[in-house]
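Bear in mind that the values in this text are calculations on the coordinates, not laboratory data. For clarity, every value in this text was computed on a predicted model and none was experimentally measured. Methodologically, a virtual Cβ is constructed for each residue, glycine included, from the backbone with ideal geometry; neighbour enumeration extends over all protein chains shown.
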């Protein structure tokens, strides 16, 4: 596995070894020992999630105040623009974000440590998005940061005809507050 720094502590881009030929490909999508070595600690995952979304669906930017989740994300089919925002007040990257296209073609994975808000935009006709989480989903502590907050300056691609498809919860996300009570 190739491990690349993103410039934000706690956020790593992982490229698995993919073996392909005329028949297709093989890759090891999960190996606890290699992952722990890549991130420098033992990371217990407790939940796997799979979502399918259509072109133009924008999900996020989500985080949990209690039971914050670390996530290992990847795309099994299609392509997304994946976005993580550092909400750890003590981080040198506090308030900064990282964007990357994840797709079935590049097979890249993103490790998002606890303390980040996370979201994605579907770029293909549809996308199957898979992620492992270090904590269980906790609806009472889930929060949503405004995906279009101007102070974050996320460069989302132009929306498709008809605009982005966004849930009411995500449409009503809170503005980023640099003085806010996010994570220590």
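Side notes on the structure shown:
- Mean residue ellipticity (222 nm) of the chain, computed from DSSP H runs ≥ 4 via -39,500 (n - 2.57), nearest 500: -1500 deg cm²/dmol
- Sorting 76-82, 107-113, 26-32 by their mean Cβ neighbour count within 10 Å, with the most densely packed peptide first, gives 107-113, 76-82, 26-32.
- Counting all C-alpha pairs of region 105-184, share separated by more than 23 Å (%): 32 percent
- Ordering of 92-100, 173-181 by packing [mean C-beta count within 10 Å, highest first]: 92-100, 173-181
- Tensor-based shape of the chain (alpha-carbon gyration tensor, a/c under 1.5 rounded, otherwise prolate or oblate): oblate
- Shape call, region 119-161: gyration tensor on alpha carbons, a/c limit 1.5: oblate
- Region 65-148: equivalent-ellipsoid semi-axes (sqrt of 5 x gyration tensor eigenvalues, Cα, Å): 22, 15, 12
- Highest mean first, the peptides 143-155, 56-68 sorted by other C-beta atoms within 10 Å per residue fall in the order 56-68, 143-155.
- When both region 1-59 and region 98-115 are represented by their alpha-carbon centers, they are found 7 Å apart.
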